[in-house]
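Participant: Can you keep this structure in mind? I'll have questions shortly.
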Amino acid sequence: MRICSIASGSSGNCIYVGDDRTHLLVDTGISKKRIEAGLFELDIKGEELDGILITHEHIDHIQGLGVFSRKYGVPVYGTKGTLEGIMKCKSLGKMPEGLLHEVKTDEGFRIGEMDIRAFRISHDANEPSGYRIENGSKSVAVATDLGTYDEYIIDNLKNLNGIVLEANHDIHMLEVGPYPYPLKRRVMGDYGHLSNELSGRLLCDILHDNLRCVMLGHLSKENNYASLAYETVKLEVTMGDNPYKGEDIRMLVADRNSVSEIISL
């Protein structure tokens, strides 16, 4: 199982998850050209993709979906609310017939050799979800755009080998930053985004010896720095009520503009 961030941030998100037999994207929130360039670094062609999983219909998660789908005809999966949001997004253009496939949260489905389960997340979209993806021996999850988390989220993120986990903002940077007050309230609210501190606390609840890699993602350009997210999450782990220290975990921060290293689990 491999995982790689093609792009991750408040301006656009696209994550690759796959193995030798099945290739998936989670979100297509960047241009077709950038998606293709990222896949090229992975030595994968667009027509070799087996599916695209969409977490929700906000533009930083679907920007390139229309153009990419019209060129490559890759099946697209999402909840009913997410697919309805996609169909209403005029900037995508006309989606090809038969490509959209509805999935239900908490009900597993299969693409190629991958077993997949969507789970509910707390975000201000129609019916947003994260995804847990397994290939029989390894399991990974993509969990971003979480305004908050609870035992349900923790249960869906247990016993993973790798995870893309949101660390969107530093609370102090957000409070004193340039965002208007209503937007600050939205980001910090239960339907917004996880702060660095909350990301670290969630990580404390899912850590185990076989969690091989944590990729922090969906960082805000205005309200976070990669080094700040990294150090804050590590500190939360070290200070948290768990047997691990921040240094015990392989952790990296996904970049908004460049492809990450390819993580093999």
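Participant: Determine one quarter of the surface area of the Cα convex hull of the chain, which equals its mean projected area, and express it in nm² to one decimal.
Facilitator: 12.7
Participant: Give me the percent relative contact order of the stretch 189-265, please, defined on Cα pairs under 8 angstrom at least 6 residues apart.
Facilitator: That works out to 38 percent.
Participant: Principal axes first, then extents: for the Cα atoms of the stretch 140-265, list largest minus smallest coordinate on each axis, whole Å, largest first.
Facilitator: 42, 33, 23
Participant: Follow-up question, since we're still on this one. Given N residues in the stretch 1-152, what is Rg(Cα) / (2.2 N^0.38 Å)?
Facilitator: After normalising by residue count via 2.2 N^0.38 Å, the value is 0.94.
Participant: With the crude spin-label approximation of a point 7 Å out along Cα→Cβ, what separation in nm comes out for K45 versus N210?
Facilitator: The modelled label-to-label distance comes out at 3.6 nm.
Participant: Considering amide H positions built from the backbone, and no H for Pro or chain starts, which residues 5 or more places from K138, or on another chain, come under 5 Å of its amide H?
Facilitator: Counting only residues 5 or more places away or on other chains, the set is empty.
Participant: Of the trypsin sites (Lys or Arg not before Pro) in the stretch 1-108, which ones lie in a loop per DSSP and count no more than 13 other C-beta atoms within 10 Å?
Facilitator: Those that pass, being in a loop and sparsely packed, are R21, K45, K94, K104.
Participant: Spelling out what I want: for every residue of the stretch 157-163, take phi, set θ = phi - 60°, compute 6.51 cos²θ - 1.76 cosθ + 1.60 (Karplus), and round to whole Hz; glycine and proline get x.
Facilitator: After applying 6.51 cos²θ - 1.76 cosθ + 1.60, I find 10, 7, 6, 8, 9, x, 8 Hz.
Participant: For the stretch 1-89, what relative contact order do you get, as a whole percent, if you take Cα pairs closer than 8 Å and at least 6 residues apart?
Facilitator: The normalised contact order for the stretch 1-89 reaches 25 percent.
Participant: If you build a Gaussian network model of the chain, linking Cα atoms that sit under 10 Å apart, which residue out of D43, D115, D209 swings the most?
Facilitator: Of D43, D115, D209, the Gaussian network model singles out D43 as fluctuating most.
Participant: Leaving out ligands and nucleic acids, and using a 1.4 Å probe, what accessible area per residue does the stretch 125-265 come to in Å²?
Facilitator: Using a 1.4 Å probe on heavy atoms only, each residue of the stretch 125-265 averages 45 Å².
Participant: Around H123, which amide H atoms from residues at least 5 apart in sequence, or from another chain, sit under 5 Å from its own amide H, with H modelled in the peptide plane?
Facilitator: Under 5 Å from the amide H of H123: G147.
Participant: Which whole-number percentage describes the relative contact order of the stretch 168-229, with Cα contacts under 8 Å and a sequence gap of 6 or more?
Facilitator: Once normalised by length, the contact order is 57 percent.
Participant: How much length is gained if the chain between D150 and V67 is pulled fully straight, taking 0.36 nm per residue apart and subtracting their Cα-Cα distance, in nm to one decimal?
Facilitator: Working it through step by step, the gained length comes to 26.3 nm.
Participant: Enumerate the lysines that K138 could reach by cross-link, defined here as Cα to Cα under 16 Å, with residues fewer than 8 away along the same chain left out.
Facilitator: In chain and number order, the partners are K158.
Participant: Roughly to the nearest percent, how much of the accessible area of the stretch 28-162 is carbon and sulfur, given a 1.4 Å probe?
Facilitator: Carbon plus sulfur share of accessible area: 47 percent.
Participant: Once every DSSP H run of n ≥ 4 in the chain is given -39500 (n - 2.57) and the sum is divided by its residues, what mean residue ellipticity at 222 nm do you get, rounded to the nearest 500 deg cm²/dmol?
Facilitator: That calculation yields -8000 deg cm²/dmol at 222 nm.
The values are calculated or read from the model by the stated rules, or taken from the named source; none is laboratory data. Because the structure is predicted, anything quoted here is derived from the model rather than measured. A quick note on method: Cβ atoms are made from the backbone with ideal geometry, for glycine too, and the neighbour counts reach across all protein chains shown. Remember, those area values only see protein heavy atoms, side chains included, never the ligands or the DNA or RNA. Shrake-Rupley method; radii C 1.70, N 1.55, O 1.52, S 1.80 Å.
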